[in-house]
Amino acid sequence: MPSKAFSDRRELLRFIRQAITESPELQKLLRTFSKGEVLFQQGDPIPHLYLLLEGEVTLNHKREDGTELDLITLAPGHFVGLVAFTTGNDSLTTCICRQNTIALCIRQDEYESVMTDHPKLSSPVQKLMLSNMATRFQKNVQLESKMNALNKQLEDEGEQLKLAYEQLESSHQKLVHQEKMATLGELVAGFAHEVNNPAAALLRSSEMLKSNFGDMQTNSAVSSIFKLGLDSKPVNSTDVRKRMLTIQKQFPWVKERSQVRKLAQMPDEALQLILDYKKDVGLEELVRQFESGKFIHNIQVASERIANLVKSLKSYSRQDNNEWEEIDIRDGINDTILILSHRLKYLNVELDLKDIPKTCGKMGELNQVWTNILVNACDALPDGGNISIKTKSEGDFKIVVLISDNGPGISEEIIDRIFEPNFTTKNQGAEFGLGLGLAISNEIIRQHGGFITVSNREQGGAQFKIILPVRAC
Amino acid sequence: MDRQIYILVVEDELEVMEALVNDLEQFEEFFPIESANSSEEAKQVVKDVYAAGNEIGLVLCDHVMPGQNGVDFLIELQANNAQHEAKKVLVTGQAGLEDTIQAINNAKLDYYIAKPWTKEQLEEVVTTQLTNYIMERKYNPMQYMMILDSVRLSEYMRTHKITDH
């Protein structure tokens, strides 16, 4: 096609040159431009239609941002100013001669008369004009389709970029989260170590206090009541109230309410001792001895609690060596429950941890899974709600953990999405509102070769099912 | 003393409860102490105390407990007009900022003691709060001179021309 158009143009140009040679009047319309000369500037009105006969011109477009773009280079046989000629608008381009150029310049208002006066020129000019238009239209179509293709490509690349960005963002958040957990782990390990020492000192001291105190007692009643104090259990306030009424009858001579309360917290055996020995040893002395025993007992119980909490905290956050080891995941579940006791306190937790084989895993990471699921359940449940945690083995190679609650369950619209990264129903800024909890849990279980699923139970509430393979390290 | 003013201690951990009550022992001659291990039990105790024609002057309350938490219990107590004058003190290690704001705004919390407390601190807070209670209720302060803030009580008597009848 272009070659045909090109030969057509050459043919037509030949006719036109012929017509000019024969007419001195037309020769007057010829103008010569030297290389570098500007025919017209962008934005100027164009009074002439130029038909290029010799040389070459470039149309140059200046964009709004100031950059310049060479649009097209025109050879002999092309019209310049055709758009302005047909639309009457100002020029969209600046026209610069690339070589010395000769053009036939026809004033727009004289075009009709020139054509009428020179019929030999008129026909090839009109044909050339049509061919020019056709070429431009053709080019336009090609450009349009090319632009479409480019746009499509751009869109695709944009999509890919967006996807890559999202992946980057999600792995960034995961990294930040891991980093946070690692820092927290270090902090906890340090804290646990520091608290462990005073807790151990407390525990040891209370035990020595216990034996020293026991040895010091000479009177058998005092010694017995001290021992009863050591073994005593705290009495709840309802029982204290009830017992206070009986004590008032049993010990009518005791007037002070604080003494009555103290007696009410003693076991019957101790009260009998007081009644038996009231002649030898004063009531106040015996009560004091009982209380001393009880205080030592309380110190022991409290320091044991601290020691246990610290132990759980240490094993819960066990991520110092990120290595696989043979573990009983029930240990981790128990630690997690202890660590979360401030939240679980408001709920009924039913444990059914059946014997399961040990498997190869990372305790600290699995604990993160139990924590995420339990914290979500705590958030979803009202006070007094139920959580049930069950473990069992299926065959010799499968461990199943079921964690269910009787909360509102998970709405069907989102249940398929809750393991996606960044999916959260919680407000931004909430403690566990990163939207990473379950995504990370999913990842951890996957790394252990297992999988995690969630469903709504028929009787209401959500149930998480974790299946882990039994593996050797 | 026809009408008795009670101190109510609400705490779910029995050892902590015992320790609190022991530290308050010296007040008991004038202000009998009642204890409860949960908000639910505390509400029953409040009911019983008023039913017997007595009143609650001061509530010392833990926050984190199974069932209703301490702040919600205090808010409910405040909403109940008959007892709204009781002084309210949170004794807790775990009430966060939100809960504490709730307690101050909706339960007119009078004081916040962070665990672990000291005996001196506890005694001082209880003395101040009960002194406030006696003066707000316009009770005759004479009988409490021994145990409460005698300087403030005598100043109060002087300015209010209250005499011991």
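None of the figures in this text is laboratory data; all of them are computed from the coordinates on show. The structure presented is a predicted model; accordingly, all values stated were derived computationally and were not measured. Cβ: placed from backbone, ideal geometry, glycine included. Neighbour counts: every protein chain shown.
Data overview
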read-out: Shape of region A:318-469, Cα gyration tensor, a/c cut at 1.5; value: rounded
read-out: Size of electric dipole in region A:1-150: Cβ of Lys, Arg +1 and of Asp, Glu -1, about Cα centre, debye, nearest 20; value: 560
read-out: Cα-centred dipole magnitude for region A:193-314, charges only on beta-carbon of K, R (+1) and D, E (-1), debye, nearest 20; value: 480
read-out: Gyration tensor verdict on region A:167-261 (Cα atoms; rounded if a/c is under 1.5, prolate if a/b is larger than b/c, oblate otherwise); value: oblate
read-out: Dipole magnitude of the protein assembly as shown about its Cα centre (Cβ charges: Lys, Arg +1; Asp, Glu -1), debye to nearest 20; value: 1120
read-out: Cβ crowding within 10 Å averaged over residues, with A:329-338, B:122-131 ranked highest first; value: A:329-338, B:122-131
read-out: Contact order relative to length of region A:2-145, as percent, for alpha carbon pairs under 8 angstrom and 6 or more apart; value: 32
read-out: Added length on full extension, which subtracts the Cα-Cα distance from 0.36 nm per residue, A:Thr238 to A:Lys278; value: 11.6 nm
read-out: Nearest-ten-degree value, helix B:14-23 long axis tilted from longest Cα axis of chain B; value: 20
read-out: Net charge over other residues, Cβ less than 11 angstrom from the Cβ of B:Gly67 (K, R count +1; D, E count -1); value: -3
read-out: Too-long pairs where the Cα-Cα distance tops 29 Å, listed order kept, from A:Lys249/B:Lys47; A:Lys28/A:Lys139; A:Lys311/A:Lys390; A:Lys162/A:Lys398; value: A:Lys28/A:Lys139; A:Lys162/A:Lys398
read-out: Virtual spin-label span in nm between A:Ser411 and B:Gln94, 7 Å along Cα→Cβ; value: 3.1
read-out: Cα radius of gyration and Dmax for region A:269-321 (Å); value: 19.8, 65
read-out: Surrounding net charge for A:Leu130, when Lys and Arg each add one and Asp and Glu each subtract one, Cβ distance under 12 Å; value: +2
read-out: Anisotropy class of region A:193-314 from Cα gyration tensor, a/c 1.5 cut; value: oblate
read-out: Calculated FRET efficiency for the pair A:Leu69/A:Lys127, C-beta based, R₀ 45 Å, to 0.05; value: 0.90
read-out: Pair A:Glu269, A:Ser171: separation of 7 Å Cα→Cβ label points (nm); value: 6.7
read-out: Principal axis box of region B:5-118, alpha-carbon based, largest edge first, Å; value: 36, 31, 23
read-out: Separation of the B:Lys115 and A:Asn219 label points, Cα + 7 Å toward Cβ, nm; value: 3.5
read-out: Average Cα contact separation per residue, chain B, under 8 Å, 6 or more apart, as relative contact order %; value: 19
read-out: C-alpha long axis of helix B:150-160 to longest principal axis of chain B, angle in °; value: 60
read-out: Förster-model FRET efficiency, 30 Å R0, A:Leu402 and A:Asn196, C-beta, rounded to 0.05; value: 0.30
read-out: Mean separation of Cα contacts under 8 Å, 6 or more apart, over the residue count of chain A: relative contact order %; value: 10
read-out: Between region A:334-374 and region A:230-254, the Cα center-to-center distance that results, in Å; value: 39
read-out: For residues of A:233-240, the mean tally of beta carbons on other chains within 10 Å; value: 6
read-out: log10 of Debye I(q)/I(0), alpha-carbon scatterers only, for the protein assembly as shown at 0.10 Å⁻¹; value: -1.04
read-out: Surrounding net charge for A:Glu22, when Lys and Arg each add one and Asp and Glu each subtract one, Cβ distance under 15 Å; value: +2
read-out: Listed residue (A:Val240, A:Leu187, A:Asn212) projecting farthest to the positive dipole end of the protein assembly as shown, Cβ model; value: A:Leu187
read-out: Residues listed by number, region A:76-107, amide nitrogen under 20 Å from A:Val38 label point at 7 Å toward C-beta; value: A:80-85, A:89-103
read-out: Of A:Tyr277, A:Gly66, A:Leu52, farthest towards positive along the dipole that unit charges on Lys, Arg, Asp, Glu beta carbons give chain A; value: A:Tyr277
read-out: For chain A, cysteines whose Cβ has no other cysteine Cβ within reach (under 4.7 Å); value: A:Cys95, A:Cys97, A:Cys105, A:Cys378
read-out: 0 to 90° range, to nearest 10: angle between helix A:363-380 axis and chain A longest Cα axis; value: 90
